[in-house]
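Structure record follows, encoded as structure tokens.
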Amino acid sequence: MMAVVTTGNGGYDKLVYRQVPVPVPGPGEVLLQVLAAGVNNTEINTRLGWYSSSVTAGTDAAAGVQERQQEQKSDGGWNKATPFPFIQGTDCCGRVSAVGDGVDDGGIGRRVLVRACMRPNGYDTMDNIWMASDFDGAFAQYVKVPAGEVFPVVCDWSDAELATIPCAYGTSENMLHRAGVCRADHVLVTGASGGVGSATVQLAKRRGARITAVCGQAKMDLVRALGADEVIGRDASVIEALGENAVDVVIDNVAGPNFPHMLKVLKRGGRYVSSGAIAGPMVSLDMRDMYLKDITLIGCTAWDEPVFPNLVSYIESSEIRPLVAKTFPLHEIAQAQRAFMEKRHFGNFVLIPPAPEASPDSGTFSGHTEPS
């Protein structure tokens with residue numbers, strides 16, 4: 001099969017489009033033909049080694065440094081070793097092609113989504129592994145996954161639309177679930193035009209919450225159309241716009257220099273929730289804001305058990321909608337990631353692998369191609 005193999009930390013030349021063996025499903029596993037695979041921050045961050053504790057800059061700045069230096073980081077994948085070379089691709093819409101021993105073959109031919117965050121030791125521990133960070137993912141014609149992580153979806157969405165869901169919407173729903181967001185809450189969402197942010201606006205609105213969103217000026221109308229009740233420009237002061245003690249929950253995957261403002265606008269007993277730090281992981285925390293206001297800080301990586309089944313139900317009942325910005329052939333992954341980093345898009349980019357019987361002309365690939 002054809003796949004994009006990430007060979008190490010560094011630039012787009014580390015994305016090698018080449019032929020690799022089709023994986024064989026073992027006991028308790030299924031083999032999926034990948035129909036579409038979403039593009040996310042996490043694949044870029046892993047390739048760049050951004051999760052390393054040695055990195056203190058935001059994702060944009062870190063990308064520029066690592067693209068130039070191509071420094072290999074022993075702790076660059078979720079602050080542990082990354083299993084290079086391997087196949088990335090966290091978001092997968094696929095079709096069940098084969099099953100391993102002990103798996104019912106009645107699902108062969110069904111279109112499914114893969115729960116990218118897996119809890120191999122059960123939900124009584126926060127231990128978790130991620131497809132495409134800890135083992136091979138969906139930037140390929142086929143991928144094998146545990147059978148229990150595959151969820152059939154019955155809807156009229158396209159393959160590309162379904163591929164926008166797992167990482168961004170799963171991350172968002174997990175944060176809202178952990179924070180217990182409900183109709184009574186006023187929720188502040190930063191980075192609201194990004195993949196996780198735009199999902200959060202939709203999913204918080206679905207829960208009936210009042211939403212104030214923060215995004216760039218050019219995308220404010222688009223965020224309003226998703227359900228935001230109020231939109232604040234990214235360069236504006238949230239304290240001036242909202243006042244202190246104004247919101248019940250902050251969903252913040254931006255962090256960076258504006259982190260202290262988030263605690264100021266939270267009410268007493270408020271909840272601050274994060275699963276990312278695109279503006280920078282190192283922040284200033286005034287402990288008095290945290291403890292005198294009885295604020296709860298909630299970090300989210302491991303998805304709780306109800307999260308993914310809930311998402312599937314929202315899709316099937318038409319309670320959320322996908323946001324596909326553009327699709328690219330799989331071999332154009334470098335163009336897709338470059339465009340992703342420019343952040344001019346709204347919604348998600350999706351890669352489409354070639355049909356199993358066909359492969360693209362390697363001469364059009366903008367990363368790096370090796371002979372099979």
message = surrounded by fewer than 23 Cβ atoms within 10 Å (Cβ to Cβ) and not polar (S, T, N, Q): is that true of Asp101 in this structure?
response = yes
For region 236-249, check the following and say yes or no: at least one residue is under 25 Å from the mean Cα position of the chain (by Cα), at pLDDT 95 or above and under 18 Å from Ala199 (Cα atoms). yes
Of the candidates Tyr51, Tyr17, Tyr12, the one satisfying the condition of being more than 18 Å from Phe135 (Cα to Cα), outside the structural domain of Ala277 (by TED's automatic domain parsing) and aromatic (Phe, Trp, Tyr) is Tyr12
Conditions (1) outside the structural domain of Ala98 (by TED's automatic domain parsing); (2) closer than 14 Å to Pro306 by Cβ; (3) surrounded by fewer than 24 Cβ atoms within 10 Å (Cβ to Cβ) -> Glu173 fails only (3)
The condition of being at pLDDT 95 or above and either part of a helix (DSSP H, G or I) or within 26 Å of Thr301 (Cα to Cα) (or both) holds, among Asp91, Asp101, only for Asp91
Listed by first then second residue, the pairs whose first member lies in region 256-267 and is more than 12 Å from Thr190 (Cβ to Cβ), whose partner is hydroxyl-bearing (Ser, Thr, Tyr) and part of a strand (DSSP E or B), with beta carbons under 9 Å and at least 6 positions apart or on separate chains, are Leu263/Tyr272; Leu266/Tyr272
Filtering region 309-335 down to residues that are assigned to a helix (DSSP H, G or I) and more than 30 Å from His177 (Cβ to Cβ) yields Leu330, His331, Glu332, Ile333, Ala334, Gln335
Selection from region 1-38 of residues crowded, with 23+ Cβ neighbours inside 10 Å and farther than 30 Å from Asp105 by Cα yields Thr6, Asn9, Leu15, Tyr17
Going through region 112-134 in order, the residues found to be more than 15 Å from Val350 (Cβ to Cβ), surrounded by 15 or more Cβ atoms within 10 Å (Cβ to Cβ) and at pLDDT 95 or above are Val112, Arg115, Cys117, Met118, Arg119, Asn128, Ile129, Trp130, Met131
Quick check, is Met220 surrounded by fewer than 23 Cβ atoms within 10 Å (Cβ to Cβ), at pLDDT 95 or above and under 22 Å from the mean Cα position of the chain (by Cα)? yes
Task: Check on Val4, among the β-branched types (Val, Ile, Thr), touching a helix residue (DSSP H, G or I) at 6+ places or on another chain (Cβ under 8 Å), part of a strand (DSSP E or B) and within 23 Å of Lys326 (Cα to Cα) - done: yes
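Has region 284-292 got at least one residue that is without any contact (Cβ under 8 Å) to a residue 40 or more places away in the chain, outside the structural domain of Ala57 (by TED's automatic domain parsing) and within 19 Å of Ala209 (Cα to Cα)?
No: zero hits.
Which of the following residues is closer than 23 Å to Arg95 by Cα, without any contact (Cβ under 8 Å) to a residue 12 or more places away in the chain and out of contact with any helix residue (DSSP H, G or I) (no Cβ under 8 Å at 6 or more places or on another chain): Asp124, Asp156, Asp134?
Values: Asp124 fails: closer than 23 Å to Arg95 by Cα; Asp134 fails: without any contact (Cβ under 8 Å) to a residue 12 or more places away in the chain.
Result: Asp156 is the single residue among Asp124, Asp156, Asp134 that is closer than 23 Å to Arg95 by Cα, without any contact (Cβ under 8 Å) to a residue 12 or more places away in the chain and out of contact with any helix residue (DSSP H, G or I) (no Cβ under 8 Å at 6 or more places or on another chain).
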Considering only helices (runs of 4 or more DSSP H) wholly within region 129-213, the ones with at least 1 residues that are of a type in the set (D, E, K, R) and more than 18 Å from the chain's Cα centre (by Cα) are 195-206
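For Ala37, are the conditions met, namely being assigned to a strand (DSSP E or B) and farther than 21 Å from Ser275 by Cβ? Write out each step before concluding.
Numbers: assigned to a strand (DSSP E or B): yes; farther than 21 Å from Ser275 by Cβ: no.
Answer is no for this residue.
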Filter region 248-269 for residues that are within 21 Å of Asp304 (Cβ to Cβ) and touching a helix residue (DSSP H, G or I) at 6+ places or on another chain (Cβ under 8 Å); the one that is surrounded by the most Cβ atoms within 10 Å (Cβ to Cβ) is Ile251
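The values are calculated or read from the model by the stated rules, or taken from the named source; none is laboratory data. Worth saying up front: this structure is predicted, and the values here are computed from it rather than measured. Methodologically, a virtual Cβ is constructed for each residue, glycine included, from the backbone with ideal geometry; neighbour enumeration extends over all protein chains shown.
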